[in-house]
Every structure is written in structure tokens, then in C-alpha cells.
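> Handing you a structure now.
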Amino acid sequence: MPLSSTSVDLVCHTASPTSAVRSIKAKIRMTSDGDLHLRYLLEGELDQLAIPARAPSVHAAELWRHTCFEAFITRSSSPVYCEFNFSPSTQWAAYGFVRYREEMAPLECADSTPLEVRHANDRLELEARISCIALNTLPGSGAMRMALAVIVEEKEGRLSYWALAHPSGSPDFHHPDSFVLHLERPLPSIPSIHTEVLS
């Protein structure tokens with residue numbers, strides 16, 4: 001599924017069904033300067049969902065324990081990958097792994113500014129821009145591959161797990177076969193990865 005700009009539908013894992021969410025879509029676009037622009041749109045019964053309240057836009061751990069939007073990026077020739085977590089609170093996180101779920105370490109992220117988050121009626125929208133020269137820490141060559149995922153928490157605590165692909169019997173966003181989006185060209189080197197308000 002190569003892309004320079006595309007829209008995709010995420011699907012709920014069969015092990016975590018929910019009636020509170022009707023659909024989750026994402027739009028991914030590579031900008032001319034190599035940034036990666038992500039837009040997630042969740043439609044459903046927002047009054048049934050636990051949506052984190054707005055907070056200072058800082059790095060925070062374990063955002064995935066609650067409603068959270070995620071992106072994973074790797075190179076086709078290497079097991080190393082990066083994980084980005086974006087919370088509706090505007091908190092965020094970025095980690096690197098040397099291979100599948102091994103040696104997780106925070107990525108060096110600078111110049112962070114708030115995510116753009118909007119929700120009203122039955123729509124929750126989150127936008128982020130990943131400035132990608134720090135992705136030069138990903139070794140190897142060839143195209144970038146990407147996985148997208150969303151964790152949705154309902155008010156009573158139940159979680160549902162959404163992704164482009166679910167290659168295993170239980171939710172596993174890190175699975176190598178989850179990286180089904182292929183970027184058309186390698187991302188250029190940049191000095192940092194950060195999230196910023198989108199105009």
C-alpha cells in the first residue's frame with residue numbers, strides 16, 4: 001500500500017468488540033519537506049468514551065493505557081522501528097526499539113508543541129506532524145513502512161483495539177506484519193521529531 005497521501009480505515013480487533021465506535025479513519029500525507037502529517041478521525045458515541053482531558057503538551061509514559069492514537073515506522077531492510085503515541089490530552093511519547101518489542105528507549109524529541117485535537121458531537125479528530133530527520137536513527141535502506149493503531153477506552157474501562165491489520169489472535173500493534181503502509185520515498189534526515197499544531 002504505497003503512499004504519498006492516502007486515507008485508510010482502521011478495523012477493530014475481533015477480541016475487543018465495541019458498539020461505542022462506528023469507525024476510525026486516518027489520512028497520511030508526506031509534505032514536500034519530508035514531514036509526515038497524520039490525521040485521525042474517530043466517529044462514535046463520544047459520551048460513552050473516556051477521552052483524556054487536555055493537559056500540557058509534554059512527553060508522558062503509558063499513554064496507551066487509555067484512549068490513544070499511535071504510529072509505528074520502520075525501514076524495510078531493518079528490524080529497528082519507532083513508536084509514536086498521541087493522546088487527546090495533547091501529551092505524546094516517542095520510543096525506539098532495536099527489534100520486535102526489544103530494548104525500548106525514548107527517542108530524542110525536541111521543540112514539542114501541542115497536538116491539534118477537536119471533538120464535538122460524535123467526532124474526535126487528532127492531527128500530528130512528525131518532523132522526520134530524527135528518523136535517520138533508523139538504520140538500513142529502502143522504503144519506510146508504517147503501522148497505524150488506536151486504543152479506545154470506554155468509561156467503564158473496557159478497551160478496544162483498532163489497526164490497519166491484526167496479524168495475531170490478540171491485539172499486537174508491534175507485530176512486523178502490521179506495517180502495511182509503504183512510503184513512496186525514504187524520509188529525509190531531520191534534527192528532531194516533534195509534534196506541532198497544524199494550520
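The values are calculated or read from the model by the stated rules, or taken from the named source; none is laboratory data. Predicted model only: the values in this text are computed from it and were never measured. Every residue, glycine as well, gets a Cβ built from its backbone with ideal geometry; the counts of neighbours run over all protein chains shown.
> With (1) assigned to a loop (DSSP other than H, G, I, E, B); (2) under 13 Å from the mean Cα position of the chain (by Cα); (3) of a type in the set (Gly, Ala, Ser) as the list, and Ser89 as the residue in question, which single condition is left unmet?
Status for Ser89: all satisfied but (2).
> Of the conditions (1) at pLDDT 70 or above; (2) loosely packed, with under 14 Cβ neighbours inside 10 Å, Ser141 fails just one. Which one is it?
(1) is the only condition that Ser141 fails.
> Restricting to segment 84-100, count the residues that are within 8 Å of Phe69 (Cα to Cα), touching an Asp or Glu at 6+ places or on another chain (Cβ under 8 Å) and either surrounded by fewer than 21 Cβ atoms within 10 Å (Cβ to Cβ) or of a type in the set (S, T, N, Q) (or both).
Of the residues in that region, 1 qualify.
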